[in-house]
């Protein structure tokens, strides 16, 4: 199969404590930073993303024109 994600097994979570993020903090501002990985909970999975895509909704969030988008940072 042509999947581009890998599931991180629970025994690997201690080795992979950081992750890279690209966050739209305010309209027109993207911040690329390293953050703590979320803690793996029961019935959840942490995946490693190799590729992403940007859709028009993402561009509206970046422009500040997405009416349903909230900035948390």
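Among the residues of the range 12-32, which ones are modelled with pLDDT of 55 or more and under 15 Å from residue 46 (Cβ atoms)?
If we filter the range 12-32 for residues that are modelled with pLDDT of 55 or more, which is where we start, we get 16-32.
Scanning the range 12-32 gives 16, 17, 18, 19, 20, 21.
Among the strands (runs of 3 or more DSSP E) confined wholly to the range 12-70, which include 3 or more residues that are in contact (Cβ under 8 Å) with a residue 24 or more places away in the chain, in contact with a strand residue (DSSP E or B) (Cβ under 9 Å, 6 or more places away or on another chain) and surrounded by 10 or more Cβ atoms within 10 Å (Cβ to Cβ)?
On the way: elements: 18-26, 29-36, 46-49.
Ranges flagged: 18-26, 46-49.
The values are calculated or read from the model by the stated rules, or taken from the named source; none is laboratory data. Please read all numbers here as calculations on a predicted model, not as lab measurements. As a convention, Cβ positions derive from the backbone with ideal geometry for all residues, glycine included, and neighbour counts pool all protein chains shown.
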